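Asker: To start, I am sharing the structure in question, which I have written as structure tokens.
The values are calculated or read from the model by the stated rules, or taken from the named source; none is laboratory data. Keep in mind that this is a model prediction, so the values were computed, not measured. Cβ placement follows ideal geometry from the backbone for every residue including glycine, while neighbour counts extend to all protein chains displayed.
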Amino acid sequence: MSGAAVWLAFALAGLVTFAQRSLFFWLSESASDRLLPPPVQRALRYVAPAAFAAISAPRVIAAGSSSSDTSFNLLSILAETVVDARFVAALVASLVMWRTGKLPVMLVVGMVVFWVLRALGM
Amino acid sequence: MVESIDSPLKPNLQWAGVAAGAKAAIPLAVPALPIGILIGVAIGESVVIDNLAGWTSSFMIFAGAAQFAAVELIDGGAGVWAVVAAVFMINARHLMYGAAICGRFSDAPVWFKFVGSYFLIDQVFALNVNLDLDIEPVDTDDRLGYRMSHYIGTGAPMLGVWVVGVVLGLVVGDVIPAEWEVDFAIPLMFLGLMVMSLFNVSSVVAAVLGGTVAVIGRDWPNGMGLLIGAVAGVAAAALVDQLLDSQLENRPKADGASA
């Protein structure tokens, strides 16, 4: 790719991203009522839990494995996951988050547990 | 410009809102810094991407995963359209974010719709979509103004940290040893945001299914596992809602439906 093409690729990628983010901001009230009727509005409350689980889970559960491995099955994922420092730290951090509701506390506890387990050779 | 300037409906930015937003964003901005540095290092090592173009892409794209993919694709010799298509797929979840959050800003001025769209990253969505629940003060008569202020207060530090992180990666290079695995802070942060967003049985179903599909689809191209996982989670939760509703209807009235 030439220097100009690199700029073009970044600029277009930025425009596409902005367009995706802004589309629903520009809808008129009537258009938005048509596109997003009450049942859809209710469903959209679940975007945050679904999306954030989908972002984090692959990097917490069996973080080292690949779905193209021949050994990729439920049992091997489970066996690999329960002894993984990432998973254990994530589990502890989630409990902390659930009990305290404080993200900074959750992050510090999670990272400390993770590093301690790594230091212990997990 | 039909509305008069002193209309009572004109939302005003409020420092309290900006400050509350910034305060909420700090724990999310800290883990973003090392990731910005990593992208800066990747840009610095690329012979195809010059540093200025790479750094500029931080605020042109303003989405970590998509920017990383764009840098790697360009570096690997992909064409312009391949890059754009990949970024489109990786960022498609933002359409859902926009749909979920736009109702809170339907009366916002045009300038805010530009700024709000630009700032709609994962973290800003997380911190603003449920604002009513616990953060938004009830005693302000300009709720829209407060929402806008809070939104900007969360978005601006994220952008600042991101842009600075990429510069650090470019200029200083690999300062953080890879064996520290500081990048684990990112999934940890999203896990925390997920726990924060759980509010009923259906939301748990959304998270479990979204996470499961994303694990199964971790190697699908262009972040498809993430996108399909998120959509499947939302759909399943809506379905569970319907099932619970119909169960409630079939039962004699005991109490009002809980929100």
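Asker: From the list B:V171, B:V240, which residue is assigned by TED's automatic domain parsing to the domain that holds B:F125 and over 27 Å from A:W115 (Cα atoms)? Lay out the reasoning, then the answer.
Answerer: Values: B:V240 fails: assigned by TED's automatic domain parsing to the domain that holds B:F125.
Exactly one of B:V171, B:V240 is assigned by TED's automatic domain parsing to the domain that holds B:F125 and over 27 Å from A:W115 (Cα atoms), namely B:V171.
Asker: Still on this structure, please answer the following. Write out, first by first residue and then by second, each pair whose Cβ atoms fall under 6 Å of each other, whose residues are 6+ apart or on separate chains, and whose first residue, in the stretch A:51-76, is at positive phi while the second is assigned to a helix (DSSP H, G or I) and modelled with pLDDT of 65 or more.
Answerer: From residues that are at positive phi, the pairs are A:A62/A:I77; A:A62/A:E80; A:A62/A:T81.
Asker: If you don't mind, another one. Just to be sure I understand, how many residues within the stretch B:90-119 are surrounded by 17 or more Cβ atoms within 10 Å (Cβ to Cβ), within 20 Å of A:S30 (Cβ to Cβ), more than 7 Å from every other protein chain (Cβ to nearest Cβ) and aliphatic (A, V, I, L, M)?
Answerer: 2
Asker: Go through the stretch B:197-217 and count every residue that is under 17 Å from the mean Cα position of the chain (by Cα) and more than 7 Å from chain A (Cβ to nearest Cβ).
Answerer: 0
Asker: Tell me yes or no: at least one residue of the stretch B:190-202 is in a helix (DSSP H, G or I), of a type in the set (S, T, Y) and at pLDDT 95 or above.
Answerer: Taking the stretch B:190-202 and keeping what is in a helix (DSSP H, G or I), we get B:190-197, B:201-202.
The next check asks that each one be of a type in the set (S, T, Y); those that pass are B:197, B:202.
Adding the requirement that they be at pLDDT 95 or above leaves B:202.
Yes, there is a match, as at least one residue in the stretch B:190-202 is in a helix (DSSP H, G or I), of a type in the set (S, T, Y) and at pLDDT 95 or above.
Asker: Another question, then. Just the residues that are under 12 Å from A:A5 (Cα atoms) and small (G, A, S), please, taken from the stretch B:70-81.
Answerer: Once the filter is applied, which keeps residues that are under 12 Å from A:A5 (Cα atoms) and small (G, A, S), the stretch B:70-81 yields B:G77, B:A78, B:G79.
Asker: Ok, one more. Among the listed residues A:V92, A:V112, A:V47, A:V16, which satisfies the condition of being surrounded by 15 or more Cβ atoms within 10 Å (Cβ to Cβ), modelled with pLDDT of 95 or more and more than 9 Å from chain B (Cβ to nearest Cβ)?
Answerer: On the way: A:V112 fails: surrounded by 15 or more Cβ atoms within 10 Å (Cβ to Cβ); A:V47 fails: more than 9 Å from chain B (Cβ to nearest Cβ); A:V16 fails: more than 9 Å from chain B (Cβ to nearest Cβ).
The conditions single out A:V92.
Asker: Additional query: Given the structure, is B:L227 closer than 21 Å to A:A62 by Cβ, among the aliphatic types (A, V, I, L, M), more than 7 Å from every other protein chain (Cβ to nearest Cβ) and part of a helix (DSSP H, G or I)? I'd like the intermediate steps shown before the answer.
Answerer: Details: closer than 21 Å to A:A62 by Cβ: yes; among the aliphatic types (A, V, I, L, M): yes; more than 7 Å from every other protein chain (Cβ to nearest Cβ): yes; part of a helix (DSSP H, G or I): yes.
In short, yes.
Asker: Are any of the residues in the stretch B:5-23 among the hydroxyl-bearing types (S, T, Y), outside the structural domain of B:W162 (by TED's automatic domain parsing) and not in a helix (DSSP H, G or I)?
Answerer: Of all residues in the stretch B:5-23, those among the hydroxyl-bearing types (S, T, Y) come to B:7.
Within this subset, residues satisfying the condition of being outside the structural domain of B:W162 (by TED's automatic domain parsing) are B:7.
Still in the running and not in a helix (DSSP H, G or I): B:7.
Yes.
Asker: From B:G217, B:G173, grab the single residue that is farther than 22 Å from B:Q123 by Cβ and surrounded by fewer than 19 Cβ atoms within 10 Å (Cβ to Cβ). Spell out how you get there, then give the answer.
Answerer: Values: B:G217 fails: surrounded by fewer than 19 Cβ atoms within 10 Å (Cβ to Cβ).
Being farther than 22 Å from B:Q123 by Cβ and surrounded by fewer than 19 Cβ atoms within 10 Å (Cβ to Cβ) holds for just one of B:G217, B:G173, which is B:G173.
Asker: Please pick out the residue among B:A32, B:A22, B:A16, B:A42 that is at pLDDT 95 or above and more than 10 Å from chain A (Cβ to nearest Cβ). Spell out the reasoning first.
Answerer: Values: B:A32 fails: at pLDDT 95 or above; B:A16 fails: at pLDDT 95 or above; B:A42 fails: at pLDDT 95 or above.
Selected residue: B:A22, the only one of B:A32, B:A22, B:A16, B:A42 that is at pLDDT 95 or above and more than 10 Å from chain A (Cβ to nearest Cβ).
Asker: Name the residue, out of B:V30, B:V83, B:V71, B:V87, that is part of a helix (DSSP H, G or I) and surrounded by fewer than 23 Cβ atoms within 10 Å (Cβ to Cβ).
Answerer: B:V30
Asker: Further, regarding this structure: Assess whether A:M122 counts as being in the same structural domain as A:I61 (by TED's automatic domain parsing), within 13 Å of B:E181 (Cβ to Cβ) and not in a helix (DSSP H, G or I).
Answerer: On the way: in the same structural domain as A:I61 (by TED's automatic domain parsing): yes; within 13 Å of B:E181 (Cβ to Cβ): yes; not in a helix (DSSP H, G or I): yes.
So A:M122 passes the test.
Asker: I would also like to ask the following. Only one of these is under 19 Å from B:D142 (Cβ atoms) and polar (S, T, N, Q): B:S46, B:S57, B:S106. Name it.
Answerer: Numbers: B:S46 fails: under 19 Å from B:D142 (Cβ atoms); B:S57 fails: under 19 Å from B:D142 (Cβ atoms).
Criteria check complete, one pass: B:S106.
Asker: Right, next: Can you tell me which residues in the stretch B:49-65 are touching a residue at least 40 places away in the same chain (Cβ under 8 Å), assigned to a helix (DSSP H, G or I) and at the interface with another protein chain (Cβ under 7 Å from one of its Cβ atoms)?
Answerer: Filtering the stretch B:49-65 down to residues touching a residue at least 40 places away in the same chain (Cβ under 8 Å) leaves B:51, B:54-55, B:58-59, B:62-65.
This time we only want the ones that are assigned to a helix (DSSP H, G or I), so: B:51, B:54-55, B:58-59, B:64-65.
If the condition is that a residue be touching a residue at least 40 places away in the same chain (Cβ under 8 Å), assigned to a helix (DSSP H, G or I) and at the interface with another protein chain (Cβ under 7 Å from one of its Cβ atoms), then no residue fits.
Asker: Same structure, new question: Which residues, taken from the stretch B:38-68, are over 23 Å from B:V115 (Cα atoms) and surrounded by 23 or more Cβ atoms within 10 Å (Cβ to Cβ)?
Answerer: Scanning the stretch B:38-68 gives B:I39, B:G40, B:I43, B:I49.
Asker: Can you tell me which condition B:G153 does not meet? The list is (1) more than 7 Å from chain A (Cβ to nearest Cβ); (2) modelled with pLDDT under 95; (3) assigned to a helix (DSSP H, G or I), and all the others hold.
Answerer: (2)
Each row is one residue, and each column tells you yes or no for (1) outside the structural domain of A:A90 (by TED's automatic domain parsing); (2) part of a helix (DSSP H, G or I); (3) under 26 Å from B:G64 (Cα atoms).
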position	(1), (2), (3)
A:A4	yes, yes, yes
A:A13	yes, yes, yes
A:A19	yes, yes, yes
A:S22	yes, yes, yes
A:F25	yes, yes, yes
A:S30	yes, yes, no
A:R34	yes, yes, no
A:P39	yes, yes, no
A:I55	no, yes, yes
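Asker: Residue by residue through the stretch B:139-191, note down the ones that are acidic (D, E) and in contact (Cβ under 8 Å) with a residue 40 or more places away in the chain. Steps first, answer last, please.
Answerer: The initial filter retains those residues of the stretch B:139-191 that are acidic (D, E), namely B:139, B:141-142, B:174, B:179, B:181, B:183.
Of everything in the stretch B:139-191, those that are acidic (D, E) and in contact (Cβ under 8 Å) with a residue 40 or more places away in the chain turn out to be B:D142, B:D174, B:D183.
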